[in-house]
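Peer 1: Just passing along the structure, written as structure tokens.
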């Protein structure tokens, strides 16, 4: 379907008057956080999906249990009445044209279809000359108050505007009109505006106009760029083609690099959906809204509007993002326009949520600084979050149980006492799991809880008196300062892992305590490996650029790793292993320490899809003991394990990548007397400077 056909379907029939719904102050621009869902078939939705109309919503808005759904009032004779009507039908916001539709430029073909080129051009000249002589805005705008504009309206830039027209008069008039409409949008306090992206990706003048406007206007609205999900003849292999709408969007982003944070995608869902690779690529872009034409909806046996199975599955994928849904087009079902919104909410209610998603809610694509537990004492709230992870503690309990059973035969179960040292005991969850493992295995144990955080030690001492009398000894010290006379442990148990495995300095911590591990003793975890994967995420890159600190060098924020719950992203190739650490170290000296914990590796990937390389996502997996392991790798993620989000290593600049391109990265782990840090450099498809050279932007402190 062409762009003109898409626009025409908005006004094929005159809309009933409608109005906006209640919601937060930024309901038109901010989205509810949602998760993906497992969905039943909807191709025969009347039979298998179970949708039968649902309960009518009395109010729209930001209820976290409902999708935020708006409606496009393309042709509404009374916009104030339309807002009120939409509000009563449960829509959270409305999309309204800012200027009167009579200001549309009509060509000779539009008028009669028989005008020759010269006559048509003359007619267009005359109409352009008269275009702005009429009142630009609608008279019913005067009765809409400022609060409603801000809270309930997304403004629509006139569809006739063609800033990159090859016809100079039309281009100049379009640029003037765009400036006028954007100025009006800022004047009435709109949070967001909807603007069509021209077919073919000719956007240089549009980009320049948007940059100029945002430089001049302090309260510029966000720009939701309306892009079709797919155009005709776009393959499903992820390759960029000249008629690929993603390429049009990407070109606009490159031109508007300085205002990336002001741009979002209003992705128009098409009847013919692209392949999985193309869909995944859109999932890595800042999609703020899905635009659903009413022509996509089928009718089930009860007469209600429903979507096909393929379109339902698509929505479930995009529900993971912080986005909204815009219904556009005339009502095509006798049940009424409100049932489109109700159906979207019904679909949203059927999404499935796992523990990882629920615990990560609110942190989607949010940058967090990695913990520095050696330099900083953790707060009680941080400990509490860690202690809520069910998989981790079950895994540690089973690992300790297996180690005890393997270490002590049944014949020695009553006579032999095993000493377990919990290194970095925190508030005691691992201590508790060790005691449970001892009971389950039928082995006798004594536990030493080693902790340097004085406030956590206070909790351990209280628990030792009230819960663990005669079973636990608390040692209030840094594990690296332990002396062999303090203890000789048969089993070390520690949870010192970071999102990248060793990035919270587990190797340095455990190496410093190895002289207190008895001969033949074991460490839990026994080993851990970090992984890297090339990542495409416009959203994360945008968030990284927002970290700029005027008091620090310009490169600092681009050379800092961030912990990120990656949602609005995709991997361009599978993760590859980076650094592996084992305990006790295989090449340890007499004191149990390895010769060095510095590392270097060069990795080469083959891009499996076209996209933009914004950085590298870091993961880890760990072998605790025996058959017990933990992993945060995307394809092998331990169920319900939410203690770690990936660690993102950004790049100075986004790098376009084509399917099949080689991506090569070098990674260093550097150790000094006081700190550890990573350095990384992109070597292909282009060469970028070494990031964080000498630890100039980010270090992990040893003390």
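The values are calculated or read from the model by the stated rules, or taken from the named source; none is laboratory data. Just so it is clear, the model here is predicted, and its values are computed rather than measured. Cβ sites come from the backbone with ideal geometry, for glycine too, and all protein chains shown count toward neighbours.
Peer 1: Give, as residue ranges, the strands (runs of 3 or more DSSP E) completely inside region 612-703 that count at least 2 residues that are without any contact (Cβ under 8 Å) to a residue 60 or more places away in the chain and surrounded by 17 or more Cβ atoms within 10 Å (Cβ to Cβ).
Peer 2: Answer list for region 612-703: 675-684.
Peer 1: In addition: For residue 357, state whether it is assigned to a loop (DSSP other than H, G, I, E, B) and either buried (at least 18 other Cβ atoms within 10 Å of the Cβ) or modelled with pLDDT of 90 or more (or both).
Peer 2: Taking the combined requirement at face value, the residue does not satisfy it.
Peer 1: Please give the number of the condition residue 581 fails out of (1) more than 28 Å from the chain's Cα centre (by Cα); (2) crowded, with 16+ Cβ neighbours inside 10 Å; (3) not in a strand (DSSP E or B).
Peer 2: If we test residue 581 against (1) more than 28 Å from the chain's Cα centre (by Cα); (2) crowded, with 16+ Cβ neighbours inside 10 Å; (3) not in a strand (DSSP E or B), just (3) comes out false.
Peer 1: Let me ask something else. Out of the strands (runs of 3 or more DSSP E) lying entirely within region 376-489, which hold 3 or more residues that are more than 19 Å from residue 526 (Cα to Cα)?
Peer 2: By residue number, 444-450, 472-475.
Peer 1: Look at region 164-181 and say how many of its residues are within 34 Å of the chain's Cα centre (by Cα) and buried (at least 21 other Cβ atoms within 10 Å of the Cβ).
Peer 2: So the answer is 2.
Peer 1: Related question: Check 400, 447, 405 and return the single one that is touching a strand residue (DSSP E or B) at 6+ places or on another chain (Cβ under 6 Å) and at pLDDT 95 or above.
Peer 2: Selected residue: 447, the only one of 400, 447, 405 that is touching a strand residue (DSSP E or B) at 6+ places or on another chain (Cβ under 6 Å) and at pLDDT 95 or above.
Peer 1: Tell me, which residue of region 132-163 that is surrounded by fewer than 19 Cβ atoms within 10 Å (Cβ to Cβ) and either touching a strand residue (DSSP E or B) at 6+ places or on another chain (Cβ under 7 Å) or under 17 Å from residue 195 (Cβ atoms) (or both) is modelled with the lowest pLDDT?
Peer 2: 136
Residue-by-condition table, conditions (1) within 15 Å of residue 650 (Cα to Cα); (2) surrounded by 23 or more Cβ atoms within 10 Å (Cβ to Cβ); (3) in contact (Cβ under 8 Å) with a residue 60 or more places away in the chain:
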| position | (1), (2), (3) |
| --- | --- |
| 528 | no, yes, yes |
| 550 | no, no, no |
| 586 | no, no, no |
| 596 | no, no, yes |
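Peer 1: Checking residue 200 against (1) assigned to a strand (DSSP E or B); (2) more than 30 Å from residue 147 (Cβ to Cβ), which single condition isn't satisfied?
Peer 2: So the condition that residue 200 fails would be (1).
Peer 1: When you go through 307, 321, 267, 290 one by one, which is the residue that is crowded, with 23+ Cβ neighbours inside 10 Å, modelled with pLDDT under 90, in contact with a strand residue (DSSP E or B) (Cβ under 8 Å, 6 or more places away or on another chain) and on the phi < 0 side of the Ramachandran plot?
Peer 2: Among 307, 321, 267, 290, only 321 is crowded, with 23+ Cβ neighbours inside 10 Å, modelled with pLDDT under 90, in contact with a strand residue (DSSP E or B) (Cβ under 8 Å, 6 or more places away or on another chain) and on the phi < 0 side of the Ramachandran plot.
Peer 1: Can I ask one more? Mind checking whether some residue in region 515-527 is modelled with pLDDT of 95 or more, within 18 Å of residue 597 (Cα to Cα), assigned to a strand (DSSP E or B) and more than 34 Å from the chain's Cα centre (by Cα)?
Peer 2: yes
Peer 1: Additional query: Looking at region 282-299, is at least one residue in a helix (DSSP H, G or I) and under 30 Å from residue 607 (Cβ atoms)?
Peer 2: Within region 282-299 (the criterion being in a helix (DSSP H, G or I) and under 30 Å from residue 607 (Cβ atoms)), the answer is yes, since at least one residue qualifies.
Peer 1: Here's a follow-up. Check region 198-211 and report whether any residue there is on the phi > 0 side of the Ramachandran plot and out of contact with any strand residue (DSSP E or B) (no Cβ under 8 Å at 6 or more places or on another chain).
Peer 2: Among the residues of region 198-211, at least one is on the phi > 0 side of the Ramachandran plot and out of contact with any strand residue (DSSP E or B) (no Cβ under 8 Å at 6 or more places or on another chain), which makes the answer yes.
Peer 1: Scan (1) free of Cβ contacts under 8 Å to residues at least 40 places away in the same chain; (2) within 24 Å of the chain's Cα centre (by Cα); (3) within 30 Å of residue 85 (Cβ to Cβ) for the single condition residue 346 breaks and write down its number.
Peer 2: (1)
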